[in-house]
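These notes concern the structure reproduced below.
The values are calculated or read from the model by the stated rules, or taken from the named source; none is laboratory data. Because the structure is predicted, anything quoted here is derived from the model rather than measured. Virtual Cβ from ideal backbone geometry, glycine too; neighbours counted across all protein chains shown. The area values use the complete protein model at the heavy-atom level, side chains included, leaving out ligands, DNA and RNA. Shrake-Rupley method; radii C 1.70, N 1.55, O 1.52, S 1.80 Å.
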Amino acid sequence: MSEKHNSVIAVIGIDIGKNSFHVVGLDGRGAIALRQKWSRGQVETRLANMPACLIGMEACVGAHHLSRRLRLLGHDARLMPAKYVRDAEAIAEAVQRPTMKFVATKSADQLDLQALHRVRERLVSQRTGVINQIRAFLLKRGVAVRQGRHFLRAELPGILATGCAVLSARMVHLIEDLAGDWRRLDERIEGLSGEIAALARQDAGCERLMSVPGIGPIISSAMVAAIGAGDTFTKGRDFAAWLGLVPKQFSTGDRTVLGKISKRGNRYLRVLFVQAAWVVLIRSKNWERYGLKPWIEAAKRRLHRNVLAIALANKLARIAWSVLAHGRNFEASKVAEAAIQPA
C-alpha cells in the first residue's frame, strides 16, 4: 500500500527478521491499512515520517535497540514474548490487548551487563565440560577423585606426577593440556566475575538486592540486567512465576493438586536463585539474623530438602523483587512477621 495511508495508521505490528521486516499497519477501526516488507535500514527512516502510533514487536535479538530508537521518534513501542506472536498481523492485534503482558525494553547498560553474564555462563559450562572430561579419563584408568572441582584441582598435580604406572605418557600429556585449558577458563571467569561485581557496586538496585540473604553481585546484576527496576511485574509472585519457580496447578472440581515447578522463563536466573537458597540453607547460624528461622524450620518439618530449596528460592525471589521494585533494603523484621505464611 502507498504512503498516503500513513496518516490513518494507529497501530503497527513488526515481524523482525535478519535482513527484512514484515510490517502491518491497522487504522483506527482495526482494518489493515498497510502491509509491506521493509529492509532493516528502512524501518527507522519510514517510521520517522509517520505520526506517533502504537508499535508492537517480538522481544527478540535487536528488538530492544529498535524499541529505544522508535521511542525517541515519539512512537509507543512495546515488546511482547515470542509465544504470543506469530506474524506481523498477529503482533498488531496482540499489542492492543489490555491483558497482554509486555517485556520491558532494556537499556544499553542492561544489554551490556546481560552480555557479560552470557559470556561468563558459557565459560563456566566449558569449564565444567573440561573437568568432567579429565575425571572420565582418570576413571577409565582406575583413578577416582572425590567429587568437587576443588578436590580435583588439589589432587591432579600429584596424580600426573606419580601416575605413570596407570597413565601412559600420552595420556599424561593430554590431561596436562586439559588442565591448562581449565586454568585459562578460570582466569577468564574470574576476570568477568570481577567486572560484574564492580558494575554491581555502582548500581543502586544491585546494592539493595545484595542486602537480601544469599544474593551477591552475580545474582543481583543478573536480575537487574533481566528486569531492570522490576516494574513490569505487579507483585513478587508474578516475578517468581516468570522465573518458573511456582508449581504447576492441576484442578478438577473443588480439588487442586500442585505439581512440579513450571521451569518457564529465565532459566539462568532461576538456577542462580536456587543456588542462593542452598547457600542460605547451609548457613543455618544466619537464619535468625535474616528473620528466616521460623519459616525454614516450619518448612523443614513437611518438605523434602530439595523441595525446601525450591520453596526458599521462590521466597527469596519474591523478597528480591520487593526490594528492587520498592527501592528499599532487605528488612529481616518484615520477613519474621510473615513467617506464619505458607511456603
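Checking the stated criteria, A169 turns out not to satisfy the condition of being exposed (fewer than 11 other Cβ atoms within 10 Å of the Cβ), among the hydrophobic types (A, V, I, L, M, F, W, C), free of Cβ contacts under 8 Å to residues at least 24 places away in the same chain and in contact with a helix residue (DSSP H, G or I) (Cβ under 8 Å, 6 or more places away or on another chain).
Search region 114-130 for residues being among the β-branched types (V, I, T) and under 20 Å from G180 (Cβ atoms), and hand back the single one that is most open to solvent (accessible area, probe 1.4 Å). The extreme case among them is T128. Within region 146-166, being more than 23 Å from L123 (Cα to Cα) and in contact (Cβ under 8 Å) with a residue 12 or more places away in the chain holds for I159, L160, G163, V166. Those strands (runs of 3 or more DSSP E) of region 8-90 in which 1 or more residues are under 28 Å from N266 (Cβ atoms) occupy 9-15, 20-27, 54-58, 76-80. When restricted to residues that are surrounded by fewer than 17 Cβ atoms within 10 Å (Cβ to Cβ) and modelled with pLDDT of 90 or more, region 66-88 contains 7. The listed residues are M80, M100, and the only one of them that is over 25 Å from R46 (Cα atoms) and among the aliphatic types (A, V, I, L, M) turns out to be M100. Return a yes/no flag: does region 91-99 have any residue that is open to solvent by 50 Å² or more (accessible area, probe 1.4 Å) and in a helix (DSSP H, G or I). There is at least one residue in region 91-99 that is open to solvent by 50 Å² or more (accessible area, probe 1.4 Å) and in a helix (DSSP H, G or I). Hey, among the residues in region 144-155 that are out of contact with any Lys or Arg (no Cβ under 9 Å at 6 or more places or on another chain) and surrounded by 11 or more Cβ atoms within 10 Å (Cβ to Cβ), which one's nearest to W182 (Cα to Cα)? Filtering first and then ranking leaves R153. On the basis of being at pLDDT below 90 and under 21 Å from V224 (Cα atoms), does R264 make the cut? Answer is yes for this residue.
Does L192 fit the bill of being in a helix (DSSP H, G or I), open to solvent by 40 Å² or more (accessible area, probe 1.4 Å), at pLDDT 90 or above and among the hydrophobic types (A, V, I, L, M, F, W, C)? In short, no.
Within region 278-291, residues that are without any contact (Cβ under 8 Å) to a residue 40 or more places away in the chain and under 16 Å from V335 (Cα atoms) sit with their Cβ atoms under 6 Å from residues that are part of a helix (DSSP H, G or I) and β-branched (V, I, T), at 6+ positions apart or across chains, in these pairs: W287/I296.
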